[in-house]
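The values are calculated or read from the model by the stated rules, or taken from the named source; none is laboratory data. Small disclaimer: the values here were computed from a predicted structure and weren't measured. Counting neighbours? That spans all protein chains shown, and the Cβs are built from the backbone with ideal geometry, glycine included.
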Amino acid sequence: MQSAALALAGFARPLRGTSIGLVAALLLAGCVHSGTPGGSCCDGAERYPGWMIDVYEPVAPVLGDAFGRVVMRRGLLAERSDALHHITQRLRPLDILVVSSKGRLTGNLIPGLFSHTVVYVGSESQLRALGVWNDPAVRPHQEAIRAGKVMIEADHRGVHLTTAATALDTDRVAILRPRVGDRRRTAALLISHVGTPYDFVFDNNDTGELYCAELIDHAMPEIRLPSRELYGRRMFLPDDAIAAGTGGRMRATPVLYVRATDSGWEDAGPAELKPDLAAAWRR
């Protein structure tokens, strides 16, 4: 997920957006206050002055696209084939991947630990088993899915399918397994949104444009993804989803938590999500 922080920007033109956006982000980092000591997730999430959001929000699409392209380093899980295998072998269709990517500019602008959500739609065989492979919403994307694009996400490029390797080019990932009734309908609805524009203003009331967690809420409303009021609108934070999942307040259960460092990776287990989340909000 990109956050409302992506509305914070200079008057960047498309050709200069990345460099100016990076400078703006570094300057704005000095304005960000730390989390409340001992506070819960996600107290103090409004880390930018409201006037700044109001002034720069009109250029959010330009800066959102520019910020989304800024990568300082690869994810710590990238190119670790054993970790990729460990994660993908445990995925089931509709599993929600909540990722933390501190090597990306957007991953540092968003308060807290996790910054983006992706959904595993499934392989051809899994979608056939669901009875959705020949659904009209899926048929146009069969070749892409066969080619390995088994994940769906909404980012600055809009809603699109992507590969597991791309989705897991990140530092850590938590997998939430949703409890939904009509899995066939949910899978078809998710895939039907491929091509939907990105919601750069993070307005939960406008489903004509979708950001990452908004896509999940639209397709799986029964899981009760938690939202909060930020900058005068309802929006979703990935850390809220983790907190609700680990606290039993959402119809989605944490089933895997993998984190990496420069020297390696580990399956830390869902129990480690709570302390890691708490530590991120004490900083």
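In table form, for the structure just shown:
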item	result
Qualifying residue in the stretch 271-283 (condition: under 24 Å from residue 73 (Cβ atoms) and of a type in the set (Gly, Ala, Ser))	yes
Matching strands (runs of 3 or more DSSP E) fully within the stretch 181-283 where at least 3 residues are under 19 Å from the mean Cα position of the chain (by Cα)	228-230, 233-235, 252-261
Test for residue 145: is it within 19 Å of residue 196 (Cβ to Cβ) and part of a helix (DSSP H, G or I)	yes
Qualifying residue in the stretch 180-197 (condition: modelled with pLDDT of 95 or more, aliphatic (A, V, I, L, M), within 25 Å of residue 86 (Cβ to Cβ) and touching a Gly at 6+ places or on another chain (Cβ under 9 Å))	yes
Tally of residues being crowded, with 20+ Cβ neighbours inside 10 Å and either assigned to a helix (DSSP H, G or I) or within 14 Å of the chain's Cα centre (by Cα) (or both) across the stretch 69-122	25
Residues being exposed (fewer than 14 other Cβ atoms within 10 Å of the Cβ), farther than 24 Å from residue 66 by Cβ and within 23 Å of the chain's Cα centre (by Cα) - total across the stretch 123-175	1
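For every residue, the table says whether it meets (1) at pLDDT 95 or above; (2) surrounded by 17 or more Cβ atoms within 10 Å (Cβ to Cβ); (3) touching a Ser or Thr at 6+ places or on another chain (Cβ under 9 Å); (4) more than 29 Å from residue 89 (Cβ to Cβ).
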| site | (1), (2), (3), (4) |
| --- | --- |
| 215 | yes, yes, yes, no |
| 219 | yes, yes, yes, no |
| 229 | no, no, no, yes |
| 236 | no, yes, yes, no |
| 241 | yes, yes, yes, no |
| 244 | yes, yes, no, no |
| 252 | yes, yes, no, no |
